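This report concerns only the one structure given below.
The values are calculated or read from the model by the stated rules, or taken from the named source; none is laboratory data. In this text, all values refer to a predicted model and were calculated from it rather than measured experimentally. Note that each Cβ is placed from the backbone with ideal geometry, even for glycine, and that neighbours are counted across all protein chains shown. We work out accessible area using only protein heavy atoms, side chains counted, and drop any ligands, DNA or RNA first. Shrake-Rupley method; radii C 1.70, N 1.55, O 1.52, S 1.80 Å.
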Amino acid sequence: MFEQIIFYFFAALLVLSAAMVITVRNPVFAALFLVLSFFSSAAIWLMLEAEFLAIVLVLVYVGAVMVLFLFVVMMLDINLSPLREGFARYLPVGIVVALLMVVAMGLVVRSNYFGAGHYYASVPHEAGYSNTTELGNMLYTTYLYQFEIAGAILLVAIIAAISLTLRRVKLNKAMKPEEQVAVKRKDRVRMVKMAPEKREP
Amino acid sequence: MEFDMVNNLILVVPELTLLILACLALVIDTFIKNPASRGGIYWFTQTSLIVTICLIYFYCPHQPTVAFENSFISDPMSTVLKMFICLISFVVFLYSRDYLKENDLLKGEYFILGLFAVLGMMVMVSAYSLLTVYLGLELLSLSLYSMVAMHRDSQPATEAAMKYFVLGALASGMLLYGMSILYGVTGSLQLTVVAEYIVQQSDANHFLVFGLAFVIVGVAFKLGAAPFHMWIPDVYQGAPTSVTLFISSAPKLAAFAMAMRLLVDGMFPLLGDWQGMLIILSILSMATGNIIAISQTNIKRMLAYSTIAHVGFLLLGLIAGSRAGFAGSMFYVIIYALMSMGSFGMIILLGRKGFEADNLDDFKGLAERSPWFAFIMLCLMFSMAGVPPFVGFWAKWFVLKELVAVDMVWLAALAVLFSIIGAYYYLRIVKLMYFDQPTSMLAIKASQQMRLVLSLNGLVILALGLVPNVLMALCISALTR
């Protein structure tokens, strides 16, 4: 009973904060709501005894990714009003599509094949059980192949980001005195021999 | 649980080797200081591809074998497709080198990202679980997005990359959503378990079809079938020609393999459901592709619409739903990749420094400037249009034959009608080359190897048209297990 109350509390918080992310006008608030939604999903993961995932979500996403994200949001001067143009025009189409989707999803999710009774009930583990060890064992045996591909994807992301943003442009226009001192006349002045030109009278 | 690492790893040796070689290329590239010796990375890339082809040949098991708990499969289809992917990428890199050099784009990253894209395609081809399919697709797409954006100072390229990235991310999201529903219903990521579940719980199909619809959206986007084709014309036109050449050839084979794995290996019992969806996609693709291509003046854009039309045709083989139909589709996609590679190669051949031969007018009077390459282009265009002695005709023929065999004569008739409409814009290029006056008489400047391989490319189209059964037998044997 107590567990259920906690679950519904965090689930409601998650849905609410996720909705706020896309509805609030201020992008900084949106980013902060995203942090809140990460926290509530981490709490739900804790209840599933996936401690490692919960901690990693908080450490990596909240601690690193979202802080960076906030930096970017604060640095950029985003004018949101052009983004909202045409909202009313596209609204009817959007509502029809959204309604269709909700009905179809409702049919699926409410079905007997998708309900909670369809899955194995989770059995609580004994005290010495280590979630991290189990995860490590899986990642480096059964899921080794996928794990390696994920690594390759991250490597590609790094290569792409660097090759697209790194410009070897000389921004610094400082002078080098030793070059200026060593300059010779022929480096600067070029004598050109040419036939004299006379304008026609 | 004891995990037999060696027996699992031995099957993925080609992929592992390619990954290691790509990382090595990355390290070597950092040590090349002199821009003049950038070509070194090109040779390294080509060697890596040849090594990979050899390894695929040596490490292919005779029976379909799975590894890593059913998430990887090595079977005849994957062997054939992987070898073609590596071979086509090899030729693509060969074509692109001159282009990159002339446009100051020759950087190591182009080839390194290309190698990673090839790796992604190979992962997709032999993926046997939803997770592997998705990861392979992401590896391929991420490399392609950045290759399109590689030409940073070109506004069309940046715009194309942005569109490709946003739409591609949306399509990946759709695919992932569909996969998560399949996982939610069946409780497994493995394609074999999904297939078993569908057979056992045949009354749960309504819910699986909901997931299937999203999966089809993802597949259709990657193949470029209408109405998910919006990115193709802009990306093909905006991207540097060498990248367009790459996108339009090898990844189509991987997308075909993805469709085969997901729809045939994973959801064959739902044939009746995805058949209907594919029929709509196929008709729409053939219609939009063939009709809109007529009004194009830019040849890259025209070939983009022609891609959409060809994808519509290729889906017909899947719609037939028989082993022979799938073999017909596989034949079609291989032939399409060869033809597309040749056509974009021709655009690269005619271009020079600071000039892209991407307008239809640039092909005017090619027969006077270079009779031989006009003939090669004629082979390619006749083959794309499906004129009998060329292999494009046989590709269409095999697919249509299987369609008629399953009593879908109306769809076959419609396909023939659309390809007749499509013949117009292919033949227009032949007319421009042979009957119009050239706008410039500049000699064609290209390296010897480019000329040689491009000629071979055209001649292979002609030769395969004379003996289509060689490749067809290979496709049939790859798909009968």
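Annotations
- Normalised contact order of chain B, rounded percent, pairs of Cα under 8 Å and 6 or more residues apart: 14
- The range A:141-162 and the range B:368-394 have Cα centres lying 42 Å from one another.
- Shown for chain A are the DSSP H helices of 15 Å or more along their axis, judged by Cα atoms, with a mean Kyte-Doolittle hydropathy of at least -0.5: A:2-23, A:27-47, A:87-110, A:144-165.
- At full extension, A:Glu126 and A:Val97 could sit 5.7 nm farther apart than now, given 0.36 nm per residue minus the alpha carbon distance.
- Of the listed residues A:Lys186, B:Lys222, the order by accessible area with a 1.4 Å probe, largest first, is A:Lys186, B:Lys222.
- The distance linking the range B:313-332 with the range B:236-278 is 12 Å (Cα centroid to Cα centroid, whole angstrom).
- A straight Cα-to-Cα reach below 19 Å connects A:Lys184 with the lysines A:Lys176, residues fewer than 8 places away in its own chain not being considered.
- Inter-label distance, nm, simple model (7 Å from Cα along the C-beta direction), B:Asp4/A:Met138: 2.4
- Gyration tensor (alpha-carbon) shape descriptor, the protein assembly as shown, a/c threshold 1.5: oblate
- Using 0.36 nm per residue and subtracting the Cα-Cα separation, the extra length available between B:Leu16 and B:Ser447 on full extension is 151.8 nm.
- The distance between label points at A:Arg190 and B:Arg152 comes to 3.1 nm (points 7 Å beyond Cα on the Cα→Cβ vector).
- If you wrap the Cα atoms of the range B:2-478 in a convex hull and average its projected area over all directions, you get 21.8 nm².
- FRET efficiency, 1/(1 + (r/R0)^6) with R0 30 Å, evaluated for B:Thr297 and A:Phe87 via beta carbons: 0.25
- Cβ-defined net charge surrounding A:His125, 11 Å radius [Lys, Arg +1; Asp, Glu -1]: -4
- With R₀ set to 30 Å, the beta-carbon distance separating A:Phe29 from B:Ala169 gives a calculated FRET efficiency near 0.80.
- The label-point distance for B:Leu417 and A:Phe2, in a model that sets each label 7 Å from Cα toward Cβ, rounds to 7.2 nm.
- Gaussian network model of chain A, springs between alpha carbon atoms under 10 Å - residue of A:Ala152, A:Ala174, A:Ala160 with greatest fluctuation: A:Ala174
- When the residues B:Cys475, B:Cys60, B:Cys54 are ordered by accessible surface, computed with a 1.4 Å probe over the protein chains alone, the sequence from largest down reads B:Cys54, B:Cys60, B:Cys475.
- Taking the helices alone, chain B has a mean residue ellipticity at 222 nm of -25000 deg cm²/dmol, built from -39,500 (n - 2.57) per DSSP H run of at least 4 residues and averaged over all its residues.
- Helices assigned as whole DSSP H runs in chain B whose Cα atoms extend at least 24 Å along their own long axis and whose mean Kyte-Doolittle hydropathy is -0.5 or higher are found at B:13-31, B:39-58, B:76-102, B:108-125, B:130-148, B:155-186, B:205-223, B:271-293, B:299-320, B:323-350, B:409-435, B:448-466.
- The overall shape of the range B:238-303 is oblate: from the C-alpha gyration tensor, with semi-axes ordered a ≥ b ≥ c, the ratio a/c is 1.5 or greater and a/b is no larger than b/c.
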